[in-house]
1. Sort out which residues of region 43-80 are among the polar types (S, T, N, Q) and in a loop (DSSP other than H, G, I, E, B), and write them in order of number.
2. Would you kindly identify the helices (runs of 4 or more DSSP H) lying entirely within region 263-346 that contain at least 1 residues that are closer than 27 Å to LEU242 by Cβ and among the aliphatic types (A, V, I, L, M)?
3. Quick one: LYS265 ticks every box in (1) in contact (Cβ under 8 Å) with a residue 40 or more places away in the chain; (2) in the same structural domain as CYS201 (by TED's automatic domain parsing) bar one, so which box is it?
4. What do you reckon, is ILE210 crowded, with 20+ Cβ neighbours inside 10 Å, touching a residue at least 24 places away in the same chain (Cβ under 8 Å), in contact with a Leu (Cβ under 9 Å, 6 or more places away or on another chain) and assigned by TED's automatic domain parsing to the domain that holds ASP252?
5. I'd like to verify a number: residues in region 115-127 that are in a loop (DSSP other than H, G, I, E, B) and surrounded by fewer than 24 Cβ atoms within 10 Å (Cβ to Cβ), how many?
6. Just need a number here: residues in region 128-144 that are surrounded by fewer than 24 Cβ atoms within 10 Å (Cβ to Cβ) and not in a loop (DSSP other than H, G, I, E, B).
7. Kindly provide the set of residues from region 28-38 that are surrounded by 12 or more Cβ atoms within 10 Å (Cβ to Cβ) and touching a residue at least 12 places away in the same chain (Cβ under 8 Å), ordered by number.
8. How many of the residues making up region 219-236 are crowded, with 17+ Cβ neighbours inside 10 Å, out of contact with any Cys (no Cβ under 6 Å at 6 or more places or on another chain) and without any contact (Cβ under 8 Å) to a residue 60 or more places away in the chain?
Amino acid sequence: MFIKISAYDNRISPFPKRYLSLANTMRVIEIKDQTLLSTERPMPKPSADQVLIKVAAAGVNRPDVMQRKGLYPPPPSASDLPGLEIAGTIVALGENISRLQTGHKVCALVTGGGYAEYCLASASLCLPIPEGLSLVEAAALPETFFTVWSNVFDRANLLPNETLLIHGGSSGIGTTAIQLAKAFDAKVIVTAGSEAKCRFCMELGADAAINYLEQDFVEAIDRLTNRQGVNVILDMIGGDYLPRNLLCMANDARLVIIALQNGVKSDINLLPILLKRLTVTGSTLRARDDDFKADIADKLLKNVWPLLSSGKIKPVIHSTFALDDAAKAHALMESSQHIGKIVLQI
């Protein structure tokens, strides 16, 4: 007897093999005194609802850099190792796992531990590799796609024909948000820090791109929208961008803050919030429980994975580094010279 698991496109026994032959230790990158160091640790074992993944690639994200600097500690019970997204092969299963089996290739959102040869992941947060994508490309999906879907579509409820403003359009989050918003028939305006980045965003599908180093984005938005403003803003900057964002917003617009690169404080005039009926909200994903994240995973599998498999959208990979070169990957991230994602190959 065999059971068809259509999302993973292979047949599995109803009694899946739970472990492959594994070593006792694994190579990892750990944080010590704000430095990334290569070392070895014991091989972790999955709990009842987890799988163990042999990591082929791990995405590098700005929260990893913040964690290294001591500014973004992992949630309780999470691994202290950096790394929030991985792709690879399942090599061990927890006792409650039935829909997956050893040998499945998956990508997964994790709360930490991605910078390692092996990583634990909740089974509910594992997704199949979209058809046509490599493991490196798949490793660039979970953190950005979960974040964009949760904030732009669930929290801000971006609708067709509305206008989305993305601050940091050339980042991993930005390049994902451009493609998803356009795939669902929204208009997109981005800000970016160079003409080359602005051109890339336009080539990716943005309707307009503003070089924030050369233009006042508030004035540019006013002009581009015929003084109507935008409907949704995805903001990774915070700080002094908050009062300027309020000036860019249309009636009933929604602002979602997901990072605070310009700081945690801002002085604002509250009147526009009242007069234009604005919604100002924010979120972080890492500390949310698995049920919340699993709901996003289900929506991605239904609404976004077909777009990835068809080639309509695709993760933008700027560069890859070996695991032992994670410090170089962080240096590139901090330089902001990249466009799209940075990935470690293990």
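The values are calculated or read from the model by the stated rules, or taken from the named source; none is laboratory data. The structure displayed is predicted, hence computed values, not measured ones. With ideal geometry, Cβ positions are generated from the backbone for all residues, glycine too; neighbour counts draw on all protein chains shown.
1. Our first condition is that a residue be among the polar types (S, T, N, Q); within region 43-80, this holds for 47, 50, 61, 67, 77, 79.
Result: SER47, ASN61, SER77, SER79.
2. Working: elements: 271-275, 290-303, 305-310, 326-335.
Answer list for region 263-346: 271-275, 290-303, 326-335.
3. (1)
4. So ILE210 does not fit the description; no.
5. Residues of region 115-127 that are in a loop (DSSP other than H, G, I, E, B), as a first pass: 115, 117.
Still in the list and also surrounded by fewer than 24 Cβ atoms within 10 Å (Cβ to Cβ): 117.
The number of residues fulfilling the criteria is 1.
6. 4
7. The initial filter retains those residues of region 28-38 that are surrounded by 12 or more Cβ atoms within 10 Å (Cβ to Cβ), namely 28-31, 36-38.
VAL28, ILE29, GLU30, ILE31, LEU36, SER38, listed by residue number.
8. 2
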